[in-house]
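Participant: Dropping the structure in here first, questions after.
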Amino acid sequence: MGLDPRAKLYLLLLANLMLFFHVGLVTQIVMVVLFLTPLAAAGRLRMAARFAVLYAALTALGMLDPDAMGVPQLHVVAALAVGVSMMLPCFMTGAYAFTTTSASAFVCAMRRMRVPETVVIPCVVIIRFFPTILPDYRRIREAMALRGIASGAFAWIRHPAQSLEYVVVPLLMNATTVAQDLSVAALTKGLGRKGAHTSRTAIRMRAADWVMMSAATAPLVLDIAGVI
(Lines give C-alpha, C1' and ligand atoms only; values in the text may rest on other atoms or scores of the structure.)
Protein backbone atom coordinates (compact mmCIF):
# COMPACT_ATOMS: atom_id res chain seq x y z
CA MET A 1 0.00 0.00 0.00
CA GLY A 2 1.47 3.35 -1.06
CA LEU A 3 1.18 6.69 0.64
CA ASP A 4 -2.05 8.62 0.80
CA PRO A 5 -2.43 11.16 -2.04
CA ARG A 6 -2.43 13.96 0.52
CA ALA A 7 0.94 12.77 1.84
CA LYS A 8 2.28 12.71 -1.72
CA LEU A 9 1.15 16.29 -2.28
CA TYR A 10 2.77 17.27 1.02
CA LEU A 11 6.09 15.80 -0.16
CA LEU A 12 5.73 17.81 -3.36
CA LEU A 13 5.19 20.93 -1.25
CA LEU A 14 8.32 20.18 0.79
CA ALA A 15 10.35 19.77 -2.39
CA ASN A 16 9.24 23.22 -3.55
CA LEU A 17 10.05 24.69 -0.13
CA MET A 18 13.56 23.24 -0.45
CA LEU A 19 13.99 25.23 -3.63
CA PHE A 20 12.49 28.35 -2.05
CA PHE A 21 14.69 28.30 1.07
CA HIS A 22 17.81 27.13 -0.83
CA VAL A 23 18.74 24.44 1.70
CA GLY A 24 22.27 23.17 2.18
CA LEU A 25 23.79 20.23 0.35
CA VAL A 26 23.57 17.85 3.32
CA THR A 27 19.88 18.62 3.85
CA GLN A 28 19.25 18.27 0.14
CA ILE A 29 20.89 14.83 -0.02
CA VAL A 30 18.98 13.58 3.03
CA MET A 31 15.65 14.75 1.62
CA VAL A 32 16.40 13.30 -1.82
CA VAL A 33 16.99 9.91 -0.19
CA LEU A 34 13.70 10.26 1.68
CA PHE A 35 11.87 11.24 -1.51
CA LEU A 36 13.28 8.30 -3.46
CA THR A 37 12.37 5.78 -0.75
CA PRO A 38 8.58 5.73 -1.35
CA LEU A 39 9.17 5.87 -5.11
CA ALA A 40 11.26 2.69 -4.92
CA ALA A 41 8.81 1.10 -2.47
CA ALA A 42 6.00 1.72 -4.97
CA GLY A 43 7.77 -0.50 -7.50
CA ARG A 44 9.29 2.32 -9.56
CA LEU A 45 12.83 1.03 -9.03
CA ARG A 46 14.08 1.98 -12.48
CA MET A 47 12.71 5.51 -12.18
CA ALA A 48 14.19 5.89 -8.68
CA ALA A 49 17.58 4.62 -9.89
CA ARG A 50 17.57 7.07 -12.80
CA PHE A 51 16.75 9.98 -10.51
CA ALA A 52 19.47 8.89 -8.07
CA VAL A 53 22.14 8.60 -10.77
CA LEU A 54 21.13 11.90 -12.33
CA TYR A 55 21.16 13.69 -8.98
CA ALA A 56 24.57 12.22 -8.09
CA ALA A 57 26.01 13.27 -11.45
CA LEU A 58 24.61 16.80 -11.19
CA THR A 59 25.87 17.15 -7.61
CA ALA A 60 29.35 16.04 -8.67
CA LEU A 61 29.35 18.53 -11.56
CA GLY A 62 28.19 21.28 -9.22
CA MET A 63 31.14 20.65 -6.91
CA LEU A 64 33.71 21.18 -9.67
CA ASP A 65 36.24 23.97 -9.23
CA PRO A 66 36.82 25.32 -12.76
CA ASP A 67 39.52 27.76 -11.59
CA ALA A 68 41.56 25.02 -9.94
CA MET A 69 41.17 22.86 -13.04
CA GLY A 70 42.22 25.73 -15.28
CA VAL A 71 39.04 25.57 -17.32
CA PRO A 72 36.96 28.66 -16.48
CA GLN A 73 34.42 27.70 -19.15
CA LEU A 74 33.18 25.00 -16.79
CA HIS A 75 31.60 27.67 -14.59
CA VAL A 76 28.57 27.57 -16.85
CA VAL A 77 28.33 23.78 -16.58
CA ALA A 78 28.72 23.85 -12.79
CA ALA A 79 26.12 26.59 -12.36
CA LEU A 80 23.66 24.78 -14.63
CA ALA A 81 24.22 21.53 -12.74
CA VAL A 82 23.56 23.22 -9.39
CA GLY A 83 20.35 24.78 -10.68
CA VAL A 84 19.01 21.54 -12.14
CA SER A 85 19.97 19.53 -9.03
CA MET A 86 18.00 21.97 -6.87
CA MET A 87 14.91 21.50 -9.05
CA LEU A 88 15.28 17.73 -9.30
CA PRO A 89 13.53 16.96 -5.94
CA CYS A 90 10.42 18.66 -7.36
CA PHE A 91 10.52 16.32 -10.34
CA MET A 92 11.06 13.33 -8.04
CA THR A 93 8.08 14.03 -5.82
CA GLY A 94 5.96 15.08 -8.79
CA ALA A 95 6.76 11.86 -10.65
CA TYR A 96 5.95 9.83 -7.54
CA ALA A 97 2.68 11.65 -6.91
CA PHE A 98 1.32 11.48 -10.45
CA THR A 99 2.57 8.05 -11.54
CA THR A 100 1.34 6.20 -8.46
CA THR A 101 -1.99 7.97 -7.89
CA SER A 102 -5.16 7.18 -9.80
CA ALA A 103 -7.41 10.01 -10.93
CA SER A 104 -10.21 8.84 -8.63
CA ALA A 105 -7.91 8.79 -5.58
CA PHE A 106 -6.59 12.24 -6.47
CA VAL A 107 -10.11 13.64 -6.82
CA CYS A 108 -11.12 12.10 -3.50
CA ALA A 109 -8.07 13.59 -1.78
CA MET A 110 -8.69 17.05 -3.25
CA ARG A 111 -12.28 16.99 -2.06
CA ARG A 112 -11.22 15.86 1.41
CA MET A 113 -9.01 18.94 1.50
CA ARG A 114 -12.02 21.11 0.51
CA VAL A 115 -10.41 22.20 -2.76
CA PRO A 116 -12.86 24.06 -5.06
CA GLU A 117 -14.18 22.16 -8.07
CA THR A 118 -12.73 24.85 -10.33
CA VAL A 119 -9.30 23.57 -9.27
CA VAL A 120 -10.15 19.86 -9.12
CA ILE A 121 -11.36 19.56 -12.72
CA PRO A 122 -8.23 21.09 -14.38
CA CYS A 123 -6.02 18.92 -12.16
CA VAL A 124 -7.89 15.78 -13.21
CA VAL A 125 -7.55 16.76 -16.87
CA ILE A 126 -3.80 17.23 -16.40
CA ILE A 127 -3.43 13.83 -14.74
CA ARG A 128 -5.27 12.16 -17.59
CA PHE A 129 -3.55 14.23 -20.26
CA PHE A 130 0.02 12.94 -20.19
CA PRO A 131 -0.80 9.18 -20.17
CA THR A 132 -3.15 9.86 -23.08
CA ILE A 133 -0.71 11.93 -25.12
CA LEU A 134 2.23 9.53 -24.64
CA PRO A 135 0.90 6.82 -27.03
CA ASP A 136 0.38 9.52 -29.66
CA TYR A 137 4.01 10.57 -29.32
CA ARG A 138 5.16 6.98 -29.69
CA ARG A 139 3.06 6.49 -32.82
CA ILE A 140 4.52 9.66 -34.35
CA ARG A 141 8.05 8.46 -33.61
CA GLU A 142 7.30 5.03 -35.07
CA ALA A 143 5.88 6.60 -38.24
CA MET A 144 8.98 8.78 -38.59
CA ALA A 145 11.28 5.79 -38.08
CA LEU A 146 9.34 3.82 -40.71
CA ARG A 147 9.95 6.60 -43.20
CA GLY A 148 13.56 7.10 -42.13
CA ILE A 149 12.96 10.63 -40.85
CA ALA A 150 14.98 11.66 -37.78
CA SER A 151 15.08 8.11 -36.42
CA GLY A 152 17.26 6.90 -33.57
CA ALA A 153 17.78 7.62 -29.90
CA PHE A 154 19.57 10.95 -30.50
CA ALA A 155 17.34 12.19 -33.31
CA TRP A 156 16.41 15.30 -31.34
CA ILE A 157 20.08 16.29 -31.21
CA ARG A 158 21.07 15.25 -34.75
CA HIS A 159 17.95 16.58 -36.48
CA PRO A 160 16.37 19.28 -34.28
CA ALA A 161 14.54 21.03 -37.13
CA GLN A 162 12.98 17.83 -38.46
CA SER A 163 12.04 16.69 -34.97
CA LEU A 164 10.35 20.03 -34.33
CA GLU A 165 8.43 19.87 -37.59
CA TYR A 166 7.41 16.22 -37.58
CA VAL A 167 6.94 15.61 -33.85
CA VAL A 168 6.18 18.76 -31.89
CA VAL A 169 3.78 20.40 -34.36
CA PRO A 170 1.41 17.40 -34.82
CA LEU A 171 1.72 16.58 -31.14
CA LEU A 172 0.59 20.07 -30.13
CA MET A 173 -2.28 19.98 -32.60
CA ASN A 174 -3.40 16.63 -31.24
CA ALA A 175 -2.93 17.79 -27.64
CA THR A 176 -5.58 20.47 -28.11
CA THR A 177 -8.12 17.87 -29.18
CA VAL A 178 -7.15 15.52 -26.35
CA ALA A 179 -7.49 18.28 -23.73
CA GLN A 180 -10.96 19.19 -25.03
CA ASP A 181 -12.07 15.55 -25.03
CA LEU A 182 -10.81 15.03 -21.49
CA SER A 183 -12.57 18.17 -20.27
CA VAL A 184 -15.84 17.02 -21.82
CA ALA A 185 -15.40 13.54 -20.34
CA ALA A 186 -14.76 14.99 -16.88
CA LEU A 187 -17.86 17.17 -17.03
CA THR A 188 -19.94 14.28 -18.41
CA LYS A 189 -19.01 12.20 -15.39
CA GLY A 190 -20.44 14.89 -13.12
CA LEU A 191 -17.22 16.40 -11.79
CA GLY A 192 -18.63 19.88 -12.26
CA ARG A 193 -21.96 19.14 -10.58
CA LYS A 194 -22.81 21.29 -7.59
CA GLY A 195 -23.43 19.80 -4.18
CA ALA A 196 -21.82 16.96 -2.25
CA HIS A 197 -19.99 14.26 -4.20
CA THR A 198 -19.47 10.65 -3.23
CA SER A 199 -16.56 8.40 -4.21
CA ARG A 200 -16.05 4.67 -4.42
CA THR A 201 -12.34 5.17 -3.74
CA ALA A 202 -11.42 4.94 -0.07
CA ILE A 203 -8.36 6.85 1.13
CA ARG A 204 -7.10 7.14 4.69
CA MET A 205 -4.05 8.61 6.36
CA ARG A 206 -2.07 5.80 7.96
CA ALA A 207 0.87 5.68 10.33
CA ALA A 208 3.29 5.32 7.40
CA ASP A 209 1.98 8.58 5.93
CA TRP A 210 2.56 10.52 9.14
CA VAL A 211 6.00 8.97 9.64
CA MET A 212 7.08 9.82 6.11
CA MET A 213 5.75 13.37 6.34
CA SER A 214 7.48 13.92 9.70
CA ALA A 215 10.76 12.40 8.51
CA ALA A 216 10.80 14.61 5.41
CA THR A 217 9.83 17.73 7.35
CA ALA A 218 12.51 17.38 10.03
CA PRO A 219 15.61 18.05 7.82
CA LEU A 220 13.96 21.08 6.23
CA VAL A 221 12.97 22.59 9.58
CA LEU A 222 16.43 21.93 11.04
CA ASP A 223 18.09 23.54 8.03
CA ILE A 224 15.88 26.63 8.16
CA ALA A 225 16.56 26.90 11.91
CA GLY A 226 20.31 26.76 11.22
CA VAL A 227 20.90 23.51 13.09
CA ILE A 228 22.19 21.66 10.03
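The values are calculated or read from the model by the stated rules, or taken from the named source; none is laboratory data. Just so it is clear, the structure is predicted and the values come from calculations on it, not from any experiment. Using ideal geometry, Cβ is built from the backbone for each residue, glycine included, and neighbour counts are taken over all protein chains shown. Accessible surface is based on the protein model in full, side chains and every heavy atom, while ligands, DNA and RNA are left aside. Shrake-Rupley method; radii C 1.70, N 1.55, O 1.52, S 1.80 Å.
Participant: Just from its helices, what would the mean residue ellipticity at 222 nm be for the chain, if runs of 4 or more DSSP H residues each count -39500 (n - 2.57) and the sum is divided by every residue, rounded to the nearest 500 deg cm²/dmol?
Facilitator: Numbers: 11 runs with 168 residues, N = 228.
Calculated mean residue ellipticity at 222 nm is -24000 deg cm²/dmol.
Participant: Hey, can you list the DSSP H helices of the chain whose Cα span along the axis is 30 Å or longer and whose average Kyte-Doolittle score is at least 1.0? Before the final figure, lay out each step's value.
Facilitator: Values: long enough: 74-99 (35 Å, 1.61); 117-146 (44 Å, 0.82).
Passing helices, by number: 74-99.
Participant: Based on the alpha-carbon gyration tensor of the chain and its eigenvalue square roots a ≥ b ≥ c, which shape applies: rounded if a/c is under 1.5, prolate if not and a/b is larger than b/c, or oblate?
Facilitator: On the way: a/c = 2.30, a/b = 1.08, b/c = 2.14.
Because a/c hits 1.5 or more and a/b fails to exceed b/c, the chain counts as oblate.
Participant: How big is the accessible area of E117 in square angstrom, nearest 10, if you roll a 1.4 angstrom probe over the protein chains?
Facilitator: Answer for E117: close to 50 Å² accessible.
Participant: Could you tally the net charge around A78, taking each other residue with its Cβ under 11 Å from the Cβ of A78, Lys/Arg +1 and Asp/Glu -1? Intermediate results must be reported in sequence, preceding the final value.
Facilitator: Numbers: positive: none; negative: D65, D67.
Local net charge: -2.
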